[in-house]
Amino acid sequence: MDQRFDPERLRPPEYVCEPDPRSTMLVRIDRSNGTVGEVELRDHHDEVAGFVLHAGVPEEIVVQFETSKNVYLYAWFVYRFYPVAEQHCLACLELALRERFKEEIRTRKVNFPGKYPTLYPLLKYAVDQGIVKNEGFEKWRNRRIINSRARVEMEKFREMTEKGLTEIAWSEADIEIKPEDLEWDYTAMLVKVLPDLRNDYAHGSKDLHNQSLRTVQIVSEIINQLYLEPA
């Protein structure tokens, strides 16, 4: 690890633009040819740049979400910004939900617990009302394909065994998504996990990881479902 400065302390001014030593330990794999290369700042930037809120989302929410993305970007220089980016992103999600349902909160049309409903009841309401759906998440959509492909592979393996074959072939055309491939309530899982994660941060956390990009994506997908996109 780079010993010119202590990455766990305030950065000396002459090293402000130096990457955190942990950032330069990462590698990227080109799956098209199997080559391995160092992750660069441009790669790190491109990871988060693709998550964009559409034009129907209020500007004050967009600004907060872009702030989360910028904190994630600057984690290249300060590794401990990763959990900060995740925490801010979850706070942005709560803001977006509170703004989306402000009339329901103001008029008490919905019996939210407390004067100021928190992330859990707001997110649960959005899911229960069908505003936030499984179909709105890339991971859920891809899971259908993954499940159906795994099922076909098992069926072909079983056929190969039963017929005593040493090999068997199939094509993508054999992969058909069936109802059983869709049996995964992703939104129910998010309703449970995201508020717990936010509470961990809110009450003080010692967690340190660089996996906050997934949360940035999930939050962008939820917020984009909360608001109607202009035609």
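For the stretch 127-160, which residues satisfy the criterion of being assigned to a helix (DSSP H, G or I), within 30 Å of I223 (Cα to Cα) and β-branched (V, I, T)?
Hits for the stretch 127-160 are V127, I145, I146.
So which residues in the stretch 81-108 are more than 18 Å from L208 (Cα to Cα) and hydroxyl-bearing (S, T, Y), if there are any at all?
T107
Please enumerate the residues belonging to the stretch 105-128 that are crowded, with 17+ Cβ neighbours inside 10 Å and in contact (Cβ under 8 Å) with a residue 12 or more places away in the chain. Spell out how you get there, then give the answer.
Restricting attention to the stretch 105-128, the residues satisfying the condition of being crowded, with 17+ Cβ neighbours inside 10 Å are 105, 112, 117-127.
Hits for the stretch 105-128 are I105, F112, P117, T118, L119, Y120, L122, L123, K124, Y125, A126, V127.
Mind listing whichever residues of the stretch 47-70 are over 14 Å from I223 (Cα atoms) and of a type in the set (G, A, S)? Please lay out each step first, then the result.
Just the residues of the stretch 47-70 that are over 14 Å from I223 (Cα atoms), to begin with: 47-50, 67, 69-70.
If the condition is that a residue be over 14 Å from I223 (Cα atoms) and of a type in the set (G, A, S), then A49, G50 are the ones that fit.
Only one of E47, E60, E14, E38 is closer than 13 Å to A75 by Cβ and either of a type in the set (D, E, K, R) or without any contact (Cβ under 8 Å) to a residue 12 or more places away in the chain (or both); which? Walk me through it before giving the result.
Numbers: E60 fails: closer than 13 Å to A75 by Cβ; E14 fails: closer than 13 Å to A75 by Cβ; E38 fails: closer than 13 Å to A75 by Cβ.
That would be E47, the only listed residue that is closer than 13 Å to A75 by Cβ and either of a type in the set (D, E, K, R) or without any contact (Cβ under 8 Å) to a residue 12 or more places away in the chain (or both).
Looking at the stretch 6-53, which of the residues that are among the acidic types (D, E) and in a strand (DSSP E or B) is modelled with the lowest pLDDT?
Of all residues in the stretch 6-53, those among the acidic types (D, E) come to 6, 8, 14, 18, 20, 30, 38, 40, 43, 46-47.
Within this subset, residues satisfying the condition of being in a strand (DSSP E or B) are 30, 38.
Numbers: D30: 71, E38: 83.
The extreme case among them is D30.
The values are calculated or read from the model by the stated rules, or taken from the named source; none is laboratory data. The structure displayed is predicted, hence computed values, not measured ones. Counting neighbours? That spans all protein chains shown, and the Cβs are built from the backbone with ideal geometry, glycine included.
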